[in-house]
1. Size of the dipole of the chain about the Cα centre, Lys and Arg at +1 and Asp and Glu at -1 on the beta carbon, nothing else charged, in debye to 20?
2. Looking at PHE47, ALA66, ALA113, which one has the Cα that reaches farthest to the positive end of the dipole of region 42-155 (charges on Cβ: Lys, Arg +1; Asp, Glu -1)?
3. Report the one residue of VAL210, THR123, PRO80 whose Cα lies farthest in the direction of the positive end of the charge dipole of the chain (charges on C-beta: Lys and Arg +1, Asp and Glu -1; origin at the Cα centre).
4. Taking H as built 1.01 Å from N, whose amide H comes closer than 5 Å to the amide H of ILE38, not counting residues under 5 places away?
5. Over what distance in Å are the Cα centres of region 138-186 and region 193-208 separated?
6. For the chain, give the percent of accessible area contributed by carbon and sulfur heavy atoms, probe 1.4 Å, rounded to a whole number.
7. Which order do SER89, SER125 take by accessible area at a 1.4 Å probe, largest first?
8. Summing +1 for each Lys or Arg and -1 for each Asp or Glu, what net charge is found among the other residues whose Cβ lies under 11 Å from the Cβ of PRO80?
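The values are calculated or read from the model by the stated rules, or taken from the named source; none is laboratory data. What you are looking at is a predicted structure, and each value in this text was computed from that prediction instead of being measured. Every residue, glycine among them, receives a Cβ derived from its backbone with ideal geometry; neighbour counts consider all protein chains shown. For the accessible areas, the whole protein counts, side chains as well, though only heavy atoms, and no ligand, DNA or RNA atoms are used. Shrake-Rupley method; radii C 1.70, N 1.55, O 1.52, S 1.80 Å.
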Amino acid sequence: MPNKPLFYPEEHHLGDGLDYIARQDPDFAFALQQITPIPPRTKPAGFETLVRIIVEQQVSLASAAAIWKRLKAAIDPFTPTVTLTLDESALRALGLSKQKAVYTRALAEQIVAGRLILEKLDTLSDAEAMETLMQVKGIGRWTAEVYLIACLQRQDIWPAGDVALKIAMHHLKALPERPSVKEMDELAAPLRPYRTLAARILWRYYADVVKRKS
């Protein structure tokens with residue numbers, strides 16, 4: 001492992017995970033030599049953050065930020081009940097696509113009806129928490145995984161379908177083509193139980209190395 005700091009002081013506990021990943025995969029050890037400190041990805045658990053993750057699906061960061069600013073101004077306080085006062089057309093007028101407007105209302109409805117209790121996810125295993133979230137219309141594997149990483153701080157989550165992670169893995173391992181979800185899962189298998197940290201390394205590698213060379 002390099003001597004330079006690779007994480008922020010509030011995440012000093014990551015050292016063992018970084019050492020393990022570097023020993024398991026020489027390419028990741030190389031990546032750790034190339035990147036700046038890995039930023040925290042902690043976000044408050046709850047409805048608001050989950051909606052924001054939905055907003056960020058398959059759009060640029062700039063577009064997501066602009067849409068989110070309009071949503072926050074229109075939904076105050078940002079609760080499921082207040083969200084449901086806006087119909088699909090109103091949400092689309094704020095910048096959401098038709099699908100995301102439907103997904104946002106579906107999530108709010110599930111919570112208001114008591115069919116989804118986000119506070120209970122902490123008591124579930126990774127697989128159970130994923131399955132619970134994915135029962136809501138519009139929440140797929142990626143959205144559930146990002147929520148488990150950012151809000152529940154689960155340490156072994158691997159968002160294999162994330163485009164930035166695929167591009168970073170393609171670059172880091174000099175693969176002939178961008179890996180599939182199945183191939184991503186296979187490549188990350190040796191990094192259990194620290195796949196969340198492996199993903200964070202790749203996200204930083206994508207930002208620090210891949211984007212700068214493109």
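1. Computed about the Cα centre, the dipole is about 740 debye.
2. Selected residue: ALA66.
3. VAL210
4. PHE7, TYR8
5. Distance between centres, Cα-based: 9 Å.
6. 52
7. SER89, SER125
8. The answer is -1.
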